[in-house]
Each structure stands twice: as C-alpha cells, then as structure tokens.
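Colleague: I have a structure here, written as structure tokens, and I will follow up with some questions on it.
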Amino acid sequence: MTFDVFLELLEPGDREAAGARYEELRETLLRFFRWRGAVVPEELTDEALRRIERKFSEGVIVEDPRLFALGVARLLLLEEIRRSVRHERALDTWRREIAAPPPRDDARMEALERCLDRLAGEDRALLLDYYTGERSAKIDNRQRLARKLDVTLSSLRIRVHRLRERLEKCVGGL
C-alpha cells in the first residue's frame, strides 16, 4: 500500500511513468551516495527510499519529491558518517588497549584509592554506591540513588560519567 502511495506521488495517474521516475530517483540517490564515498551506497539508497516511502504514506506532501529525497539522503549520510566515526574511535581505543601492556593491578589499585580520596566525600560515595550490586539489584540501587538525589536516571548517569572521567584522568596521571 505505501509503495503505491509513493508511486502515485511521483507521477499521479500513470503507474508506468511513476515506475520510471522511481528508477530515476533510485539512480540519483545511488550516485549521491557513491560520489560522497559511502561504503555501502546500495544499502543507503534502499534505506533512503524506505524512509521516503514511509514519510509519504504518513501523508507528508512535498512539491518536489526528488529534492525531498536528496534531503533525506543527506541526513542519512550524516547519520552514517557519525556511526562510522564512532566505530573508528571504538576501534582505535580497542587497539590502544590491546597494544598497551597491562598495568600492575596493585599499583593501579593504589592509584585508584589515592584518586578516590581526592574526590569530595559525596562524590566518592556516589561513585561507590552507583557501582554497587549485581544485575537487577544494581538497577534498583541506581533508581534509589536517583530518587535520593531527586534527579532523573539520565542525570545520574551523566553525573557519574563526569566523575568517572575525572577519576580516570587522575589514575592515568599517577
């Protein structure tokens, strides 16, 4: 049903001409992704067409479906670039961790303890409480912490993340 709506918007009343316009649009999108160096331009083209088809089936009305399609493709390409950058960063981090010799556990634990001692008492308690528990007990504990601090779980996660970054920076500097 949604594909029929899509074809009707491309060329009202003429299904054969609409099919030809669809193929032209598909080629345009494929070239767009290829020219911009997409790793899998065919998959991105298909995803762009699925998204466009879904938008049209939801009743979105546009004057020029080709321009709309290129806008969707541009946003999809940005998503793909962001995903690729995150993936590369994760690989780089993993490679560095694999290549680095493992630190001595006792020296690292001593550094961790010294850095924890440098934190304010409430920050230290928050970090230690946040990582207490296993599985569902950990989840319940985090919900309890969020209620106690009168913040959302997202805010709690961000707060702990920032504390952990400070702690990791401190441990790395010792």
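Throughout, read-outs are computed from the coordinates displayed, never taken from laboratory work. If you're wondering where the values come from, they're calculated on a predicted model, not measured in any experiment. Positions of Cβ are backbone-derived with ideal geometry, glycine not excepted, and every protein chain shown enters the neighbour counts.
Colleague: Given the C-alpha atoms of region 88-174, compute the convex hull and give its volume per residue in Å³.
Modeller: In region 88-174, the Cα convex hull volume per residue is 126 Å³.
Colleague: For region 1-90, what number results from the quotient of the Cα radius of gyration and 2.2 N^0.38 Å?
Modeller: Output field value: 1.16.
Colleague: Shifting gears a bit: Hey, what do the phi angles of region 77-83 turn into as Karplus ³J(HN,Hα) couplings, whole Hz, using 6.51/-1.76/1.60 and θ = phi - 60°, x for Gly and Pro?
Modeller: 5, 4, 4, 5, 5, 4, 4
Colleague: If exposed GluC sites (Glu not before Pro) are those in a DSSP loop with at most 12 other Cβ within 10 Å, what is the longest stretch of the chain that has none?
Modeller: The reported range is 64-133.
Colleague: Could you name the lysines in cross-link range of K138, using Cα to Cα under 29 Å and dropping any fewer than eight places away on the same chain?
Modeller: K148, K169
Colleague: Continuing with the same structure: Under 19 Å Cα-Cα from K55, which lysines qualify once same-chain neighbours fewer than 8 residues away are excluded?
Modeller: Correct list for K55: empty, as no lysines qualify.
Colleague: Place +1 on the Cβ of every Lys and Arg and -1 on the Cβ of every Asp and Glu in region 1-62, take the dipole about the Cα centre, and give the residue among A20, I61, T2 whose Cα lies farthest towards its positive end.
Modeller: Working it through, the farthest residue towards the positive pole turns out to be I61.
Colleague: Rounded to the nearest angstrom and ordered from largest down, what semi-axes does the equivalent ellipsoid of the chain get from its C-alpha gyration tensor (root of 5λ)?
Modeller: Numbers: eigenvalues 542, 100, 28 Å².
Over the Cα atoms of the chain, the ellipsoid semi-axes are 52, 22, 12 Å.
Colleague: Which angle between 0 and 90 degrees, to the nearest 10, do you get for helix 135-149 versus the longest principal axis of the chain when only C-alpha atoms count?
Modeller: Between helix and principal axis, roughly 80 degrees.
Colleague: If you don't mind, another one. Which is the longest part of the chain that has none of the trypsin sites (Lys or Arg not before Pro) sitting in a DSSP loop with at most 14 other Cβ atoms within 10 Å?
Modeller: 105-174
Colleague: Oh, and also: Where does the charge balance sit around R83 when Lys and Arg score +1, Asp and Glu -1, over other residues with C-beta under 14 Å from its C-beta?
Modeller: Net local charge, R83 excluded: -2.
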